[in-house]
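Working notes for the structure below.
The values are calculated or read from the model by the stated rules, or taken from the named source; none is laboratory data. These numbers come from a predicted model, not from an experiment. Please note: Cβ atoms are built from the backbone with ideal geometry, for glycine as well, and neighbour counts cover all protein chains shown. Just so you know, the surface numbers come from the protein's heavy atoms only, side chains and all, with ligands and any DNA or RNA stripped out. Shrake-Rupley method; radii C 1.70, N 1.55, O 1.52, S 1.80 Å.
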Amino acid sequence: MSSAAPAGAMPSPGSAIADRLRAQPKLPLIVGAAAIVAAAAAFLLWSRGPDYGVLYTNVSDRDGGAIIASLQQMNVPYKFAEGGGAILIASDKVPEVRLKLASQGLPKGGGVGFELLDNQKFGTSHFAEQVNYQRGLEGELARSIESIGSVESARIHLALPKPSLFVRDQKKPSASVVLTLHRGRSIDEGQVSAIVHMVSSSVPELNAKSVTVVDQHGNLLSAANAGARGLDVSQLKYAQEIEQGYIRRIEAILQPILGATNVRAQVAADIDFSVVERTEESYKPNQDPRNAAIRSQQSSESTQQGATPPGGVPGALSNQPPQTPNAPITAPPAPNAAPGAAGAPGATAATSTATTAASAPGSARKDVTTNYELDRSIRHVQQGAGGVKRLSVAVVVNHRSAPDASGKLVQRALTPAEIEQIRNLAKEAMGFSQERGDSLNVVNSAFTRDGEDGQAGPELPFWRDPANLGLAKTIGQYVLLAFLALFAWFAVLRPLLRKHLAPPALPAAAAPTGSAATTEAGGDDEANASRVGAKAREIERQKADLAYAHETADQDPRLVATLIKHWMNT
């Protein structure tokens, strides 16, 4: 009995579609291309959507609600990001919206500032004014501290004592700062010191030692005796930079001669961080009167002629009357005397009397007082901190590699001339100063590379050599990628291509009618049965392949896109 379908039977819709697809093999390519174009258009439309930018982040719940209400009133679309920690709007509207919100006083932040003093009521007491001023000062300081990148929020408590007329009753103000840091961030000592000095500089008569800084975990960040230790992070950092600068200079000048791995240098710098301010006033004596400036000069002169000066020795002889003087009537003529001169023949008595008076004893006194200008010099010297007091440099140089008689490289020590050359170069690089007390020590020794005793360690097998292990890992990665590519080709892509690119099967010939068909059916039942079974198996296989294609398209759309691209190319 034949199981063939009657000639006039209508084919099922599924088989009709399959027959149409087989008859037109380019139809799936057209459908796939249309799907790709639709996907590209959808992606383009999605990419043209509004580009959202951050409006505000880390706002409090109260400020967030006020900002959302204002955005709704302005009809500005928004969305949240980072779990509600950030408010996003269209990036081109961010500046405009921020200005509008700022005009409304948003966001207000966790604290209030000096805007408290803008709305003072009439009749406010002095105590209320002081409280508002303190609250405003605390809020302004908190806003300034929150501008630091690692600080999420800050809270400040100021203890401002009341002023007193008595000195012994006056008290100094103090402050406490509580910092809330961002998650995963920390604050260094330099930033803590900056916060302490900023708070102390903002409050009158507030000492930096009276400012306490803690974090949200209760850790004390500022120690009360930090200033007493005399340690400053910036000073230590400056000293390290000075030392590293000298090290780089020494190694930079020696490495071209010795090699990059054959020289090591270390520098210990003694830095003077003391600030000296000195004023000198000196007076220098006037060594050379000719070049000295005279302020004033006073002289007095007195002369006495003809008086007998007191003389003699006190005693008996001084009490006796003086003897009668005997004077000649005429004086002897002086040599080369002119006629009529004193002592010359024919001189008158008046001339003799004048000569006697001129030769009489007398006294003269002269006093001169001269005042010179003083040489005065005033010098004001202010020596800044950070000067280098002393440098201690240690340089270690490796032995030089040189071939021996057999041509093998051996390590040899440097000659004294080479050591002296290296020492001179290091001195010039570091700016050696004997007056400053600098010291330089250059040592030539073999560097230990493999073993601690300077000998090469045991040779490792090639499979344990780190270089070979790294090379094997790199090669293994590329081999694995090649294997995965081959597996994808032979197991997935090639079967799909063979199945979808195979030529369509020829349609079965129409079954004959009438007695001929009965005769053929009766005479060849086994052949018909085998053909029907093969046809059924082919249909089942096609259904299975179609189901596998649907499943593959759902699981791996990229593979289907690659297949469609291959069809379009062929």
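Would you please give the FRET efficiency between residue 530 and residue 33, computed as 1/(1 + (r/R0)^6) with r the Cβ-Cβ distance and R0 = 35 Å, to the nearest 0.05?
Numbers: r = 41 Å, r/R0 = 1.17.
E between residue 530 and residue 33, to the nearest 0.05, is 0.30.
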Worksheet item: Roughly to the nearest percent, how much of the accessible area of segment 64-213 is carbon and sulfur, given a 1.4 Å probe?
Response: 52 percent
Worksheet item: What net charge is computed for the residues neighbouring residue 203, neighbours being all others with C-beta under 12 Å from the C-beta of residue 203, Lys and Arg scored +1, Asp and Glu -1?
Response: -2
Response to the item:
FRET efficiency for residue 482 and residue 96 from the Cβ-Cβ distance with R0 = 56 Å, rounded to 0.05, comes out at 0.50
Fill in: Amide H contacts under 5 Å for residue 389, placed H, 5+ residues apart
270, 271, 272
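Taking N as the number of residues in segment 395-439, what value does Rg over Cα atoms divided by 2.2 N^0.38 Å take?
1.61
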Worksheet item: Taking 0.36 nm per intervening residue step and subtracting the Cα-Cα distance, what contour gain separates residue 410 from residue 562 on full extension?
Response: 48.4 nm
